[in-house]
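Trainee: Pasting a structure below so you can have a look.
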Amino acid sequence: MKVRPYILSLLLILLCLLAACGRTTPNEATITMKEMAFQQSEITIKAGQPVALRLVNQDGYAHAFDMDEFDIHMSLAANETAELSFTPENPGRYLFYCSSPGHHAAGMVGTLIVEP
């Protein structure tokens, strides 16, 4: 049986589409901590998709990364880099902050914006 080239091409396209179904691309962002501030104080991501956050402490002293709504509380030593992942289900605006003593009060805060 001879298959026409356009039918074979159509079948290959359909197989690729089926293979991609159900996969979600993670939201990715880097948040740098430097001089008592988050250099990216506002991050926008999509709801219902995995989020991969890379946290980079560029200071010679410890910082923390906290988001109470997602129960995230991570300490970072001086010059440490860490990664975390989570999936926000609900759109909204969520505060993140540094819980190291005095850092939040000094303005080390930011906002995670989760869009529908």
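The values are calculated or read from the model by the stated rules, or taken from the named source; none is laboratory data. Small disclaimer: the values here were computed from a predicted structure and weren't measured. Cβ: placed from backbone, ideal geometry, glycine included. Neighbour counts: every protein chain shown.
Trainee: Of P88, P101, which residue is part of a loop (DSSP other than H, G, I, E, B), under 16 Å from I43 (Cβ atoms) and out of contact with any Asp or Glu (no Cβ under 6 Å at 6 or more places or on another chain)?
Mentor: P88
Trainee: All but one of (1) more than 16 Å from T32 (Cβ to Cβ); (2) out of contact with any Leu (no Cβ under 8 Å at 6 or more places or on another chain); (3) at pLDDT 95 or above hold for Q49; state the number of the condition that does not hold.
Mentor: (3)
Trainee: Name every residue in segment 104-113 that is part of a loop (DSSP other than H, G, I, E, B) and under 22 Å from the mean Cα position of the chain (by Cα), in order of residue number.
Mentor: Within segment 104-113, H104, G107, M108 meet the criteria.
Trainee: Can you tell me which residues in segment 47-66 are surrounded by fewer than 16 Cβ atoms within 10 Å (Cβ to Cβ) and among the polar types (S, T, N, Q)?
Mentor: Selection gives Q49, Q58.
Trainee: Look through D71, D66, D59 and report the one residue that is on the phi > 0 side of the Ramachandran plot, acidic (D, E) and either touching a residue at least 40 places away in the same chain (Cβ under 8 Å) or out of contact with any helix residue (DSSP H, G or I) (no Cβ under 9 Å at 6 or more places or on another chain) (or both). Step through it out loud before you land on a result.
Mentor: Values: D66 fails: on the phi > 0 side of the Ramachandran plot; D59 fails: on the phi > 0 side of the Ramachandran plot.
Every option except D71 fails the conditions.
Trainee: Looking for something at pLDDT 95 or above, in a strand (DSSP E or B) and closer than 16 Å to E28 by Cβ - is there at least one such residue anywhere in segment 57-65?
Mentor: Yes, segment 57-65 contains at least one residue that is at pLDDT 95 or above, in a strand (DSSP E or B) and closer than 16 Å to E28 by Cβ.
Trainee: Continuing with the same structure: Is there a residue in segment 43-51 that is among the charged types (D, E, K, R) and not in a strand (DSSP E or B)?
Mentor: No, segment 43-51 contains no residue that is among the charged types (D, E, K, R) and not in a strand (DSSP E or B).
Trainee: It is to be established whether one or more residues within segment 67-82 are in contact with a strand residue (DSSP E or B) (Cβ under 9 Å, 6 or more places away or on another chain), in a loop (DSSP other than H, G, I, E, B), modelled with pLDDT of 95 or more and farther than 20 Å from H104 by Cβ.
Mentor: yes
Trainee: For segment 67-85, enumerate the residues that are farther than 20 Å from Q39 by Cα and surrounded by 13 or more Cβ atoms within 10 Å (Cβ to Cβ).
Mentor: E69, F70
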